[in-house]
Amino acid sequence: MRKIGMTLVALCLLLSGCGTTPVNQNSKQVSATDQSQDMYIMAGRIESEAQANVAAKISARVSKLAVDVGDKVTQGQPLIYLDNQDVADQVKQAQAAVDAAQANLDKALIGAPEQLAQAQAKVDSAKVNYDNAKVNLDRNDQLFQAGSIPKQQLEAAQGQFATVDTAYKNALSDLALLNKGQSQNTIDNLQALVNQSQAALGSAQVQLSNGTIVAPVSGTVSQRNIHVGEMAAPNVTLLSIVGGTNLFVNAKVPTDYLSQLKEGQKVSIMIDELPDKSFKGSIAVISPVVDFHSKQVEVKVTLDNNQSLIKPGMMAEIGISNTK
């Protein structure tokens, strides 16, 4: 046991009369003398608060890998580029549909200026024809009353006037309709088309953005499961990222030691992969629940990693002071 080993080391030092080198107070390492006073009562694998598996949201072929195992990345950094040219084309088509729908709605709301100008020109032309036909009808009516022309000539003037009168009234009606605008029902339908096309554009843009996969957290790429040219499937891990900060251990401690523990308490940490070093940490959380079968309680211990030597996945033993 580590406790017994540390005690023997301290005893040997005392018997031999050898001293120990003073330890820098700012260092997270502790001397053998300090270690002899620690009782290692729990252990666990080191984890990171910042770790994530990276997956695609769409099915597409990988066109570029921007990182590899061991590379450090920051949150939001592009990691993988997918070939989504077809989605880019869909975005262009959706944008064109939005522009067309919006133009139709605007035209219905305010009237197209060129249409108003054309309608006004028709009214002006029809008014000239109407005035001329009215003058001609009045003259022919006077001549008929005087017996100067036959009835057929009067009827021809009347028919001509009726034709231009109808044309004039129709022109006035068309202009009034344009000035008034379309019916509310038509406006509502056109607005619905705009909303639908905008929703389609938004969906296409989201799909396009999914073509660039970015880092969800900052850390180091620990695993890569994809190569350029391969197909990426949704929800299948392509990369794994682990952070080097906010490290912790979830360990089990026998209930016999609960009275010696409290949240915020400083602890010593020995790591199997770094046998010649010792580190410090603190108890962050003590579970309020005792495992019925093992009679143990889960304890979360946060680690000081100022020297960036500790890596997720390492095994850690946690000790508390054994001084009386």
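Scanning region 266-277 for residues that are surrounded by 11 or more Cβ atoms within 10 Å (Cβ to Cβ) and more than 12 Å from residue 318 (Cα to Cα) yields 273, 274, 277. Of all residue pairs spaced 6 or more apart or on separate chains, none has beta-carbon atoms under 6 Å together with a first member in region 159-178 that is in the same structural domain as residue 128 (by TED's automatic domain parsing) and closer than 16 Å to residue 120 by Cα and a second member that is outside any helix (DSSP H, G or I) and at pLDDT 90 or above. Scan region 42-77 for residues that are within 30 Å of residue 294 (Cα to Cα) and free of Cβ contacts under 8 Å to residues at least 40 places away in the same chain and the total you get is 0. Taking region 162-181 as the range and being β-branched (Val, Ile, Thr) and either surrounded by 14 or more Cβ atoms within 10 Å (Cβ to Cβ) or under 24 Å from residue 108 (Cβ atoms) (or both) as the test, only 164 passes.
Contact map, region 199-214: residues that are under 11 Å from residue 98 (Cβ atoms) paired with residues that are of a type in the set (S, T, N, Q) and surrounded by 14 or more Cβ atoms within 10 Å (Cβ to Cβ), Cβ distance under 8 Å, separation 6+ or inter-chain. Pairs shown: 201/95; 204/90. Highlighted here are the strands (runs of 3 or more DSSP E) found entirely within region 188-297 that include at least 2 residues which are farther than 30 Å from residue 88 by Cβ and of a type outside the set (A, V, I, L, M, F, W, C): 219-224, 247-254, 266-271, 274-290. Only one of the numbered conditions (1) surrounded by fewer than 14 Cβ atoms within 10 Å (Cβ to Cβ); (2) within 22 Å of residue 42 (Cβ to Cβ) is not met by residue 312, and that is (1).
No other residue among 118, 152 is among the polar types (S, T, N, Q), under 30 Å from residue 197 (Cβ atoms) and assigned to a helix (DSSP H, G or I) apart from 118.
So if I check each of 285, 253, which one is over 40 Å from the mean Cα position of the chain (by Cα), of a type in the set (A, V, I, L, M, F, W, C) and more than 30 Å from residue 212 (Cα to Cα)?
Numbers: 285 fails: over 40 Å from the mean Cα position of the chain (by Cα).
When all the criteria are applied, what remains is 253.
A quick yes/no check of all residues on (1) over 24 Å from residue 298 (Cα atoms); (2) among the hydroxyl-bearing types (Ser, Thr, Tyr):
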| site | (1), (2) |
| --- | --- |
| 214 | yes, no |
| 226 | yes, no |
| 233 | yes, no |
| 241 | yes, no |
| 247 | no, no |
| 250 | no, no |
| 254 | no, no |
| 265 | no, no |
| 278 | no, yes |
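Given the structure, is residue 135 modelled with pLDDT of 90 or more and either closer than 14 Å to residue 175 by Cβ or surrounded by 13 or more Cβ atoms within 10 Å (Cβ to Cβ) (or both)? Against the criterion (modelled with pLDDT of 90 or more and either closer than 14 Å to residue 175 by Cβ or surrounded by 13 or more Cβ atoms within 10 Å (Cβ to Cβ) (or both)), residue 135 does not qualify.
Scan region 213-224 and tell me whether some residue there is in contact with a helix residue (DSSP H, G or I) (Cβ under 9 Å, 6 or more places away or on another chain), crowded, with 17+ Cβ neighbours inside 10 Å and at negative phi. No: region 213-224 contains no residue that is in contact with a helix residue (DSSP H, G or I) (Cβ under 9 Å, 6 or more places away or on another chain), crowded, with 17+ Cβ neighbours inside 10 Å and at negative phi.
Being touching a Leu at 6+ places or on another chain (Cβ under 8 Å) and surrounded by fewer than 19 Cβ atoms within 10 Å (Cβ to Cβ) is the filter; apply it to region 51-80 and report the residue that is nearest to residue 242 (Cα to Cα). Working first, answer last.
Filtering region 51-80 for residues touching a Leu at 6+ places or on another chain (Cβ under 8 Å) gives 53-56, 58, 60-63, 65-67, 73, 79-80.
From what's left, surrounded by fewer than 19 Cβ atoms within 10 Å (Cβ to Cβ): 53, 55, 58, 61, 63, 65-66.
Values: 53: 9, 55: 15, 58: 24, 61: 25, 63: 24, 65: 18, 66: 17 Å.
Step by step, filter region 51-80, then rank; the result is 53.
The values are calculated or read from the model by the stated rules, or taken from the named source; none is laboratory data. None of the values given here were measured: they were computed from a predicted structure. Reconstructed Cβ throughout: ideal geometry from the backbone, glycine too, with neighbour counts over all protein chains shown.
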